[in-house]
Structures are given as C-alpha cells and as structure tokens.
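Take a look at the structure below.
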Protein chains: 2
Amino acid sequence: MLIKSGKSCTFEGESAKTMKKLIIASTSTVHGGKYLDYLLPTLAQHFKACDEILFIPYARPGGISHDDYTAKVREVFSAIDKSVKGLHEFQNPVEAIRKAQGIFTGGGNTFLLVKQLYDNEVMTVLAEVLNHGTPYLGTSAGSNITGISMQTTNDMPIVYPPSFATLGVIPFNLNPHYLDPDANSTHMGETRETRITEFHAFNTTPVLGLREGSWLEVNNHTIVLKGPLTARLFLPNKEAEELASETDLTFLGTL
Amino acid sequence: MLIKSGKSCTFEGESAKTMKKLIIASTSTVHGGKYLDYLLPTLAQHFKACDEILFIPYARPGGISHDDYTAKVREVFSAIDKSVKGLHEFQNPVEAIRKAQGIFTGGGNTFLLVKQLYDNEVMTVLAEVLNHGTPYLGTSAGSNITGISMQTTNDMPIVYPPSFATLGVIPFNLNPHYLDPDANSTHMGETRETRITEFHAFNTTPVLGLREGSWLEVNNHTIVLKGPLTARLFLPNKEAEELASETDLTFLGTL
C-alpha cells in the first residue's frame, strides 16, 4: 500500500532508512531539447508516488527570481501531473524539507545555491531526508551539491558561502556539464581535465565528469551511470578513465 | 639618480607614494608563443630599475612545486637580466615583500593563490607596496588578485580561502582569459558573459573581460588597455561594450 502522508513517499513494509532514491543529472536541458524533456519518463517513474514536488530555486540561473524559476519548473512538472511548490514560499524551510514528498534542486550558480542552503539552515536537513528516502532530483548545481563538496563546480564565485562542504549523499564529487578538451582551440585557459587534476593536487575525493545527457541513478547504496554517454572518472594520481553507461559506480564509496 | 636599495626601485625626487606601476596581463602565454615572450619588451622597460624580481608562486598551475614554478620564471627573466627569487624561499614573506625591488605573481589557481596570500598574511602588505610604487606584474590569477575581489575568476574552487576580497589596487574586477561565446557550440553550460551577468545580479563592481594578448598598464592612477585586442566591459544593468586598445580606463574608478 502506498503511503503518501508524512515526510516522503515510501511503500509500506520498506524501511525508509535504507531507501536512498536520487536522480543526479549533468544538465536540465540537452542541446536542441526543452527543459527536462529528456528526463521526463524517468522522472514520472522516479516521483510516481508523489503528488507534489518541493522545488529549491536558490541557484537562480541568470539571477532570475525564485518565483519565475519555480513557475518554469511548475509548468514542466504539470506534464507528469505533479504540483510544485518553491522552498522560498515556506516560512519554515526546514519543516518544508522534512515534509516534502519529493525534492528537486535546479541548476544555476552553485556558490549561490550553497550559500542559500547554509543561510537558510537547510543543508543538514536536506542530507537527512535524502539519506532517509525522500526522492530527489538534481540538475547541474542541484547535482553538484549531492557530492562531498562543491569544489569541482564550473561556476563563478559570485557570492561567498560559509563552507564548500555539501550534502555528501554520494561518496564522490561531480563535475556536471563535463567538457572534453577541444583539440582545435587556441585558448590558453585551463581545460576541464587540468582543473580537476589541480583539485587532486590538494584533495583525494574521486571526481566524476558527467557529460550533458548523462545522469546517475542512486537506489539505496547502488549508484549507476545512465544515459547514452560515457562518463570520465578522475582519481588522484591515476590516469582518467571512461566509464560506459550502466556502469555500477558503487565501488567509489569503498576507495 | 637611480636608487635601488630599499623597498622599491624609484628615482630620486619622485614620490614613491604616488607611483603605482603595474602590468596586469590576461595570460602569461599567447597561443603559439612561449612563456611571457609577447610581454618581454614591455617587462624590460617596466622593471628596468630592478635587478631582482620577487616571484609569488602560490597559484601553482597544475599543482607543480613552488621551486619548479620559480625555476621556470627565473629562466625567462634571465633573458632581460633579472634574477628571480621565490617568495617561498624567505622565512619572513612579509619582509620579503616589503623589501622587493619588483614583484611578479604568476597564474594558476586563484583560490589557491588567495588562500596562500591570506595564510601567509601577505595580502595587506602586498597591496601596500603596490600602492606605494613597487613595480608589479600579474598574469592570469596574478592579475585577478589586483581587482576588488576574485569573484570573477574562471578557476575551480579547489581550496577554501578565508575571503574572496583581493588587493583592490585597481577599482574594478577582471575576468582574465576572457572568451567570447562560440555560436556553433552545443554545450549548455553558461557562457562567460552569462556568468559575469550572474555576478552582477549580486554585485555592482565593474568587470573587465581581458582577452589573451591584452594587458593593463597602470601608472599612478591612470589605467590603459594595451595589446592588439579590444576588451569587454561589463557594468551592472548595462549592455556589455567593447573597448579599443589604448582606451583609458581610469573612469572606472569614478563610477
């Protein structure tokens, strides 16, 4: 029997404590597509037991308002019969997260998102509910925060967060919108791979470069690469390697 | 008469207090060139009264050692008859900066550079000596720190600095390695212009996008764009505009 009341949509007999359930996507939008369209069938299944999604609009792409961002998400989720509320609409965001049936954190600027999560004192409770079974979708910045830290973001440090530590609901870091070096480029700025190598000069956390169109499916402690593309895994002091779609990434938690 | 002793190379009769003298370059290396080669004639003139350059290697591109980075710089500066010492070679870095005849801060990771400047307690003294006449060269990260803050860097936050505030020896922020949008790109990550616009959703500091091959020459309070290219100026709530080489940017301090 489906139980929708309370803090997450779980099934009777299942232990919410062991049912982590996350979709962690590189991007909300693939080239030529519309917002979230490539993920909608997956999301219909992922959130099937939820009527309402709590949207966290803190990353505010392009500095748009929380209301405008939430309206955009509401429109898309109506296609799979979900209503959407923005976290900024609640007087008590901690309680809103505790009570949410399902949660989506959208992309934008990761520094801004992380600062807002700390300023509103919801970082800890968000990790708690994800570890205890509330279905979650993250795209881009909203995916970045599922890692150990936000230190492999591509974003500009437009605000100063009180810490770079993030949710840690997966045992590694992500680099969303992963971009291969352009062999024809005359630009002398660092490639993405160089930047991640620099990260590993000072940190040991594994980093997964997740290309646009890829996502991770996390069920309990199992993490699987989804979508049509390979992903690029960076470990300290090792050559980067390509991982095929459907690779089980659970081993990254044991390194 | 040339006076080389003391804290900077000044000329008798000039007031060191009013002779800010900075070269602030987008990149150390232009495509097809060698390290600093396009700037060497300018640097020979800029540092003409200095025998020895103090090099700040803290940004450590690719995580290389301070010694290796300093050796690379030493080799290049030998072509214009300057000796080079690395700041990491001194027991007292504050005193080393106070006594330096000329200073060069190289590129790499801006987060790392800024953290090291704070950890070694040299951020304040570095601003002081630059404001009082010690000739300075910055490239990339070493240029970023001359602005009000490092918040328009392109770098990855591989370490957590205690603040994003930087030297403020110019009255605006820089985006080195400025990159124009690629009209043929299928990548959905933010363009550089979008990122700077996001910065301006939360900050009012002007931002100058400095393309590779461009640099600023600062003499006292006069700031002039040099090199063969235009630069792109971003002001909050205004359309970005292209500024021709030789444009006097001093007005940015009066906005």
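The values are calculated or read from the model by the stated rules, or taken from the named source; none is laboratory data. These numbers were taken from a predicted model, which means no experiment stands behind them. Every residue, glycine as well, gets a Cβ built from its backbone with ideal geometry; the counts of neighbours run over all protein chains shown. Quick note on the areas: whole protein, heavy atoms, side chains included, nothing else; ligands and nucleic acids left out. Shrake-Rupley method; radii C 1.70, N 1.55, O 1.52, S 1.80 Å.
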Angle between chain A longest axis and helix A:192-202 axis [Cα atoms, degrees, rounded to 10]: 90
At most 14 other Cβ atoms within 10 Å and a DSSP loop assignment: could you name the GluC sites (Glu not before Pro) in segment A:212-251 that fit? A:Glu239, A:Glu246
Which aspartates and glutamates, if any, have their Cα less than 14 Å from the Cα of A:Lys21, not counting same-chain residues under 8 positions apart? A:Glu128, A:Glu217
Sum -39500 (n - 2.57) across every DSSP H segment of at least 4 residues in chain B, then divide by the residue count to get the 222 nm mean residue ellipticity, nearest 500. -6500 deg cm²/dmol
Label-point separation, B:Ser65 to A:Arg74 (7 Å along Cα→Cβ), nm: 6.1
Mean accessible area per residue over the protein assembly as shown (1.4 angstrom probe, all protein chains present, square angstrom) is 40
Check the axis relating chain B to chain A and name the residue of B whose C-beta is nearest, distance in whole Å. B:Pro157, 3
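With the full set of protein chains in place, find how many percent of the accessible area of segment B:2-254 is carbon and sulfur; take the probe as 1.4 Å.
After summing per-atom areas, the C and S share lands at 50 percent.
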Expressed as an acute angle from 0 to 90° and rounded to the nearest 10, what is the orientation of the C-alpha long axis of helix B:110-119 relative to the principal long axis of chain B? 40
For a Förster distance of 41 Å, can you work out the FRET efficiency between the beta-carbons of B:Ser163 and A:Leu179, rounded to the nearest 0.05? 0.90
How large is the charge dipole for the protein assembly as shown, taken about the Cα centre, if only the Cβ atoms of Lys, Arg (+1) and Asp, Glu (-1) carry charge, to the nearest 20 debye? 600
Within segment A:169-255, trypsin sites (Lys or Arg not before Pro) in DSSP loop having at most 10 other beta-carbon neighbours inside 10 Å: A:Lys238
Using 29 Å as the Cα-Cα cut-off, could you pick out the over-long pairs in A:Lys20/B:Lys115; A:Lys72/B:Lys115; A:Lys82/B:Lys238; A:Lys115/B:Lys85; A:Lys48/A:Lys72; B:Lys72/B:Lys226? A:Lys20/B:Lys115; A:Lys72/B:Lys115; A:Lys82/B:Lys238; A:Lys115/B:Lys85
How big is the dipole moment of chain A about its Cα centre under a simple scheme where the beta carbon of each Lys and Arg is +1, that of each Asp and Glu is -1, and everything else is neutral? Debye, nearest 20, please. 480
Antiparallel DSSP bridges in chain A: what percent, to the nearest 5? 50
To the nearest 0.05, the calculated FRET efficiency linking A:Thr124 and B:Asp248 through their beta-carbon distance, R0 being 51 Å, is 0.50
Modelling each spin label as a point 7 Å along the Cα-to-Cβ direction, I'd like the B:His31/B:Ala44 distance in nm, to one decimal. 2.8
To the nearest 0.05, how large is the calculated FRET efficiency for B:Glu241 and A:Phe202 if R₀ is 35 Å and r is the Cβ-Cβ distance? 0.40
If you count, for every residue in A:178-188, the Cβ atoms of partner chains within 10 Å of its Cβ, what is the mean? 3
In degrees rounded to 10, the 0-90 angle between helix B:66-78 Cα long axis and the longest Cα principal axis of chain B is 80
